[in-house]
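Below is one structure; the comments refer to it alone.
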Amino acid sequence: MTDNSDVLRLPERLFESGNFYLPLKQSSGDHSALHLQMPVALLEDDGLKRFIFAEFHGPGFEIIERRLLCNLLAEGGMFIDVGAHFGLYSIVLADSVPDLQCLAIEPAVDNMRVLSENVAANGLSGRITLAECALGDHTGIGHLRSNSSMGNHLAGHNSAPRESDIPVQVQTLCSLLASVLPSDYRTGPLWIKIDTEGREASVLRGAEELFSAGVVEGVLWEFRVGHLVNPDTDSIVSFFRKYDFESFSVSHSNMISVRGRKAKKTLLELGFLARLESHTS
């Protein structure tokens, strides 16, 4: 038993051949047949420890958000996972929503390696397309900074590169979709999850064409990292208002912005609108 498995109270049966196998929970909180595998060495990562503890010992990491999306996403639609990490959202949703196609976007090469292995291990290679790049409001080369496997973000335009920064390809969402899905991405309802550690506004600016076309049904996005509120929250909410979206707090960290009566009706039926507070600032 490794030191970290003792701290996290993880059973020996979840360790094999240098990997840790984390069983994933369904939206009900019960364990499913899905799992995420990761090298044991990564259990030194503090951010990953919190994720594993919430998934294994708690109700499930961001289980409220996962339950919402499992109910909101339409059969045969598309889900774009911006900041996919090891594939939690893409894998859970591709398994739960019939004929859903997913595009999982992850800029960190080590994360992408684990993500690719998880998609294949869960038998979802035909449903999840992978893209190794960062998203922003321009195309080119950016500098990726990391304080854990779950804390990667692009350095700001005016930030001087650090020695530890990793050069990565930056795309806009529209340019990426045009290259990997040249004809299909406009044919069905589209949902987006954005977890880019405070760079969500830049991702949205690079996706304006999609919003103008009216193909986006909703967006789950991170507005708080730990105790820090995204400084762009108000401008992000204003962006959504411009396209007739309403934004609601889902949890301590995430908001959901939805367009149209159907999504709001589903939220109401699930009992979420009664306890979600509309963001009006």
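Would you mind checking Lys25/Lys242; Lys193/Lys262; Lys49/Lys265 for any pair whose Cα atoms are more than 27 angstrom apart? Provide the component values of the computation, followed by the final result.
Values: Lys25/Lys242 36 Å; Lys193/Lys262 19 Å; Lys49/Lys265 36 Å.
In this structure, Lys25/Lys242; Lys49/Lys265 lie more than 27 Å apart at Cα.
Here the Gaussian network model covers the chain, with springs between Cα atoms less than 10 Å apart; of Arg205, Arg224, Arg162, Arg162 fluctuates the most.
Under 16 Å from a label point set 7 Å out along the Cα-to-Cβ vector of Arg224, the amide N atoms of the stretch 246-273 belong to 248-256. One chain, two ends: Thr139 and Val180. Fully extended at 0.36 nm per residue, the span grows by 13.3 nm beyond their Cα-Cα distance.
Readers should treat all values here as calculations from the given coordinates under stated rules, not as data from a laboratory. In this text the structure is predicted, and so the values were computed from the model without any measurement. Please note: Cβ atoms are built from the backbone with ideal geometry, for glycine as well, and neighbour counts cover all protein chains shown.
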